[in-house]
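Worksheet: one structure, shown below.
The values are calculated or read from the model by the stated rules, or taken from the named source; none is laboratory data. Only a predicted model underlies this, so the values are computations on that prediction, with no experimental measurement involved. Ideal geometry is used to build each Cβ from the backbone, glycine not excepted, and the neighbour counts take in all protein chains shown.
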Amino acid sequence: MSVEAPARDREQELLAAALRGSREAFGELALLHQPRALAVATGILGNRTEAQDLVQESCLKAWQALDTFVPGRPFFPWYYRILRNACIQQLRRRKVRRSRSLQARDQDDEPLPEPADPQAPAPEEIVARDERSRLVGDALARLPAGDREILLLKHFDGLSYREIADALGIPVGTVMSRISTARRRLRKLLPDLTAS
């Protein structure tokens, strides 16, 4: 029996109890996925503090929407959709605030505020232990958000094509195509690594 099997069994026990209405079980389930959710949200937002807030907000939304969960399906892809939507809404709010700041600056000639927490570690920085990892992390950060997201889901979160498809609400074939395209773009940013 693999090490992952007991963790999956525990997740299923917690999920079953949560579906029966146990807040405590749902809390434990959320805690199991919190590091992974935080890494994903930080990767999308580029701001760990905002990501922490959105993970909490998404947990609450997931608890409130638990009656829409289909038993027998994996929990994280379902939860990921809620988290991703919250992140996208936050990015839109940020864009609106930035636009308002630009308008205000045009009127006031005051300096623009600095971006929130520019030093926030991205998920790819977590694994940046050696030069190669740092190069890969830098290249990931330069990829378009959609490419970065799908590569993080596949290679950092270890989701299957089906789980990614469920999480993003797209067909499996589209997932495969997007991953292939994202990998190709990443390789172009890492010519020295791919040649060796």
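Taking the numbered list (1) out of contact with any helix residue (DSSP H, G or I) (no Cβ under 6 Å at 6 or more places or on another chain); (2) at pLDDT below 80; (3) among the charged types (D, E, K, R) in turn, ARG93 passes all entries but (2).
One line per residue, one yes/no per condition, for (1) assigned to a helix (DSSP H, G or I); (2) within 16 Å of the chain's Cα centre (by Cα):
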| site | (1), (2) |
| --- | --- |
| ASP147 | yes, yes |
| ILE150 | yes, yes |
| HIS155 | yes, yes |
| LEU159 | no, yes |
| ARG183 | yes, no |
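Consider the range 128-174 and keep the residues that are charged (D, E, K, R) and at pLDDT below 80. The one that is surrounded by the most Cβ atoms within 10 Å (Cβ to Cβ) is ASP157.
The condition (being of a type in the set (D, E, K, R) and in contact with a Leu (Cβ under 9 Å, 6 or more places away or on another chain)) is satisfied by just one residue among ARG73, ARG48, ARG92: ARG48. Test VAL55 against the criterion of being under 30 Å from ASP138 (Cα atoms) and either at pLDDT 90 or above or not polar (S, T, N, Q) (or both), and give yes or no. Against the criterion (under 30 Å from ASP138 (Cα atoms) and either at pLDDT 90 or above or not polar (S, T, N, Q) (or both)), VAL55 qualifies. Please work out which residue is nearest to ARG142 (Cα to Cα), limiting yourself to the range 22-35 and to residues that are surrounded by fewer than 19 Cβ atoms within 10 Å (Cβ to Cβ) and not polar (S, T, N, Q). Once the filter is applied, the top-ranked residue is PRO35. Taking each residue of the range 76-91 that is touching a residue at least 60 places away in the same chain (Cβ under 8 Å) and farther than 10 Å from ILE44 by Cα and looking for partners that are surrounded by fewer than 17 Cβ atoms within 10 Å (Cβ to Cβ) and among the small types (Gly, Ala, Ser) with beta-carbon atoms closer than 8 Å, six or more apart or interchain, yields ARG81/GLY169.
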